[in-house]
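All of the numbers you see were taken from the coordinates with simple rules; none came from a lab. A quick note: this is a predicted structure, and the numbers were derived from the prediction, not measured. Neighbour counts run over all protein chains shown; Cβ positions are idealised from the backbone, glycine included.
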Amino acid sequence: MAEQDGRKEPLITEITPKSEDFSRWYTDLVRRAELADYSPVKGCMVIRPYGYAIWEFIQRGLDSRIKATGHVNAYFPLFIPKSLLVKEAEHVEGFAPQVAWVTRGGTEELEEPLVVRPTSEAIIGTMYAKWIQSWRDLPVLINQWANIVRWEKVTRLFLRTTEFLWQEGHTAHETAEEAEAETLMILRLYKEFVETELAVPVIAGRKSASEQFAGAERTYSIEALMGDGRALQAGTSHNLGQNFAKAFDIQFQARDKSLQYIWGTSWGMTTRLVGAVIMVHGDESGLVLPPRIAPYQVVIVPIPRGNWRETVLPHAQQIRDTLTAAGVRVMLDDRDAYTPGWKFSEWELRGVPLRLEVGPKDIERQQAVLARRDTREKIPTPVSGLAGRVQELLDAIQRNLFERALAFQREHTTRTSSWDEFTRTLEGRPGFVVSPWCGSEACEAEIKGLTQATIRTLPMDAEPSGAPCVKCGQPSVADAWFAKAY
RNA sequence: CGGGGCGUAGCGCAGCCCGGUAGCGCACCUGCCUUGGGCGCAGGGGGUCGCUGGUUCAAAUCCAGUCGCCCCGACCA
């Protein structure tokens, strides 16, 4: 690897190189950067402060958007009585293999077992039935931030854990059109959020029937491409039709005096997004965090010389105060125990977007040296006007990360109507393959069996090519985005 | 749930074949020296060798069982 082309070895030796084993690189990085750690409970992880801070910025950005579109937050219970979960037939069937049961309380056997929520349609639907009487009560637009338990067989830090954190919106509407409009509005909101805040480009579209949410009428999702060429579902928005309304008896009296079932939606995004950020932007040296969700946007590393605490440190502190006052999240790393070189590597590994070095030479020249995490460029910058320059650079980094990820996604998207090229492209982990599909579930399953690739999404806005199905040659209904998925 | 591998210090490993005082690197602690890309030197702390049983004068090492974890395939946000 590195020594062969004469360059020095990577500085970070504790982390498996990304090029060598992506999956190990990911796990090493999550643990070494102190985002999360395995817990004594099988399949569950501990989100450590640095990782949780990222989640908090994700929450903040998403929560404000959800509220800006007229939704309000509430909280529903963790436990759901068995009898409620089984009311919607497809829903139970979909979740039954994945739920955790509570059968005892203290020393007593429970009359009715409880499930720990795998999602909250059942409990929320039950409450909506009580709260909704009239068309005047609609729409109901509620979101909750909560934890969820799904008994997965195989788990991975952030991507799939037994317990995870998420946001779940549940809405009730007067008409089918309104519910569909809500579902699509949230899908657009998710796309805008992920692309703006996380700098992760996504494909928005509809799920095929086989990938649909248990109990939904129509499921939409946003799909992102990870650095190893596998796709990750980053958010889902479901149009529930009247399925849950009928199962939970959520009825209202309409304007024409008739009794009607409400039209429902539900939608969610999870802590998995943290995993997406790591896998989309990370590099051989570690994390690369988009400035908008970085716990620290700038880390100041003072260069110690002689009695640096008297000479250098005051300058560093003043720069910190200036940047903080300008609204920048700053960390001044004034620890004595580590050398500057060590700190450089450490904060790169943790993905801090900008590093600011101040040493005796800089003080003489009334400057500081800025170093970009994304391009590794070193930029000597005058102390006057520093805050403005830092803001500009943070914006530039945010944009560059998105552009870079978008270019990667495009380079790893193949369009073909040839089965031969389809299978050839899908050997290895090449990204998306966009191909005409006949709409048959059997055909989809056959493709999955032969290539491991599944239909990630059926984009709504794209014009179908009209070519025959890549597998069976029947007339196609859409150009489907295939990929191997997480 | 099927196939393969591994459990020895906080982490990564050696020792096991051939039984005889438990070791290395990193991390950690103390002191000095350094500090513009993971400094150096000296000293130090830490392990019932996954668990249970057996063989033996003696077990990390041999035997049997058991538990746990990881990787590859089927299920999943």
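Checking each residue in the stretch A:303-328 for being within 22 Å of A:L289 (Cβ to Cβ) and loosely packed, with under 13 Cβ neighbours inside 10 Å picks out only A:G327. Selection of the stretch A:252-289 for residues being within 14 Å of the chain's Cα centre (by Cα), of a type outside the set (V, I, T) and either more than 12 Å from RNA strand B (Cβ to nearest atom) or not in a strand (DSSP E or B) (or both) yields A:R272, A:L273, A:G275, A:A276, A:M279, A:H281, A:L289.
Residue pairs whose Cβ atoms lie under 9 Å apart, sitting 6 or more positions apart in sequence or on different chains, and linking a residue in the stretch A:122-136 that is farther than 15 Å from A:E168 by Cα to a partner that is basic (K, R), are A:T126/A:K87; A:W135/A:R255.
For the condition touching a residue at least 24 places away in the same chain (Cβ under 8 Å), under 15 Å from A:H238 (Cβ atoms), more than 8 Å from RNA strand B (Cβ to nearest atom) and in a strand (DSSP E or B), A:N143 qualifies. Out of the residues in the stretch A:329-359 that are surrounded by fewer than 19 Cβ atoms within 10 Å (Cβ to Cβ) and within 19 Å of A:D395 (Cα to Cα), which is farthest from RNA strand B (Cβ to nearest atom)? Looking at the filtered set, the residue picked out is A:R329.
Quick one: how many residues across the stretch A:318-328 are within 23 Å of A:L287 (Cβ to Cβ) and either aliphatic (A, V, I, L, M) or near RNA strand B (Cβ under 9 Å from one of its atoms) (or both)? Residues that pass the stated criteria total 2. A count restricted to the stretch A:433-457 and to residues that are over 13 Å from A:W419 (Cα atoms), touching a residue at least 24 places away in the same chain (Cβ under 8 Å), assigned to a helix (DSSP H, G or I) and not acidic (D, E) stands at 1. Taking only the stretch A:86-101 into account, find how many residues are surrounded by 14 or more Cβ atoms within 10 Å (Cβ to Cβ) and part of a strand (DSSP E or B). Adding up the residues that qualify gives 1.
For every residue, the table says whether it meets (1) of a type outside the set (S, T, N, Q); (2) free of Cβ contacts under 8 Å to residues at least 40 places away in the same chain.
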residue	(1), (2)
A:P360	yes, no
A:Q366	no, yes
A:L370	yes, yes
A:R373	yes, no
A:R376	yes, yes
A:R389	yes, yes
A:H412	yes, no
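Of all the listed residues (A:R424, A:R410, A:R389), the sole one being over 28 Å from the mean Cα position of the chain (by Cα) and under 26 Å from A:E20 (Cα atoms) is A:R424.
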